[in-house]
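Peer 1: Dumping the structure here so I can ask a few things about it.
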Amino acid sequence: MFVRITACAALLGGTPLAAADLLQLKDRASVTGKVLAEKRDAVIVDIGYTVLAIPKSAIVRVVKDVDAEAKEARSKPAAKAAPVTAAAGPSTNSPLFRSSKSLAPERTVRELVALIGEAVVQVRNPGGLGSGFFLNEEGYLITNFHVIEGETQIAIEVYHQDGGSLERKVYKQVRIVAMNKFHDLALLKVDDKDAPKFASVQLGDSDYLAVGDSVFAIGSPLGLERTVTEGIVSTKTRQMQGELYMQTTAQINPGNSGGPLFNLRGEVVGVTNMKMFGDGLGFAIPADKVKEFLKNRDAYSYDTDNPSNPYRYLQPPSRLKQPTAGDPEAKEGNGAK
């Protein structure tokens, strides 16, 4: 990546910056400084001892005033939050899901499983089983479309942490909210009256992943709940049947479908959905496609009047009656000829 450096004599003294902005670049690089100006093809950044002109094509995201954001986070009392909050940095809140706003420190798989494992569930129906994960504490969760295809009697098996032990609980009032057959995604909602606030996970950004990065999956392969498998990202752009998938060496088997693929920051970077014959050939739907599905979920809303149809078609607007010359209700100026 090429970054052009522009000399600036006034800044050679290394004056500390009053506020810092974070520019997240491709290939997991980043630059911290003060954004001075934004040109047509570059962003000018003061990093304290010089000024950089960073091409816009190399910038993934700009986070304004990260120092103030960090101070605000430190000033808040530590809440008894969902486990994922401890594993990730500041987040952008949405009514349905949360996504990381800045890069959080990496942890070991052992630490992350203890923190976020409770948010991964088993999805059961009369035709089989799969996996899923909670997006928020209200009980919205993601799984694969093929896990629930043709089924309406769905049960969610959750393992709640109670002190140092796990308590198994099955929720049977599960509603289909939206589904997309072509991207193999489904959004469900637990509606049981006695349901508690659920532990949930954050959605990560696939752009920050690189080939060779470590990832791990949690799911229920062959019904063996809470199974953890670890691997790396083999490729981010494996094309199959007109879609791009993330390929991983993390072991994926029947029952893993719909479960999360995590990075070492505890963020969901993919939804596991298939494997090929052979070892270490698992595939996942990138998290960016999951976000797109959730943001446009109204277009994929489940129609209870027609369960086999994953789309809800709204009634067309009624056609206004055009007055005619012989119509007694026709008035002058209505355009009747």
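Peer 1: Against the definition (surrounded by fewer than 20 Cβ atoms within 10 Å (Cβ to Cβ) and at pLDDT 85 or above), how does ASN273 come out, yes or no?
Peer 2: no
Peer 1: Out of (1) in contact with a helix residue (DSSP H, G or I) (Cβ under 9 Å, 6 or more places away or on another chain); (2) free of Cβ contacts under 8 Å to residues at least 12 places away in the same chain; (3) of a type outside the set (Val, Ile, Thr), what's the single condition that is false for GLY242?
Peer 2: Status for GLY242: all satisfied but (1).
Peer 1: Consider ASP27 against the criteria (1) under 28 Å from the mean Cα position of the chain (by Cα); (2) exposed (fewer than 12 other Cβ atoms within 10 Å of the Cβ); (3) modelled with pLDDT of 75 or more: it satisfies all of them except one. Which criterion is unmet?
Peer 2: So the condition that ASP27 fails would be (3).
Peer 1: Which numbered condition trips up PHE198, out of (1) touching a residue at least 40 places away in the same chain (Cβ under 8 Å); (2) exposed (fewer than 15 other Cβ atoms within 10 Å of the Cβ); (3) not in a strand (DSSP E or B)?
Peer 2: The failed condition is (2).
Peer 1: Could you tell me whether any residue of segment 249-262 is within 23 Å of ALA104 (Cα to Cα), of a type in the set (Gly, Ala, Ser) and without any contact (Cβ under 8 Å) to a residue 40 or more places away in the chain?
Peer 2: Within segment 249-262, one or more residues are within 23 Å of ALA104 (Cα to Cα), of a type in the set (Gly, Ala, Ser) and without any contact (Cβ under 8 Å) to a residue 40 or more places away in the chain.
Peer 1: Only one of these conditions is not met by GLY259: (1) crowded, with 18+ Cβ neighbours inside 10 Å; (2) out of contact with any Leu (no Cβ under 9 Å at 6 or more places or on another chain); (3) farther than 23 Å from SER99 by Cβ. Which number is it?
Peer 2: Status for GLY259: all satisfied but (3).
Peer 1: For segment 217-268, which residues satisfy the criterion of being modelled with pLDDT of 95 or more and among the aromatic types (Phe, Trp, Tyr)?
Peer 2: Within segment 217-268, PHE262 is the sole residue that qualifies.
Peer 1: Can I ask one more? Collect the residues in segment 264-284 that are in a loop (DSSP other than H, G, I, E, B) and either of a type in the set (Val, Ile, Thr) or in contact (Cβ under 8 Å) with a residue 60 or more places away in the chain (or both), keeping them in residue-number order.
Peer 2: The answer is LEU264, ARG265, GLY266.
The values are calculated or read from the model by the stated rules, or taken from the named source; none is laboratory data. Nothing here was measured: the structure is a model prediction, and the numbers come from that model. Don't worry about glycine lacking a Cβ; one is built from the backbone with ideal geometry, like all the others, and counts go over all protein chains shown.
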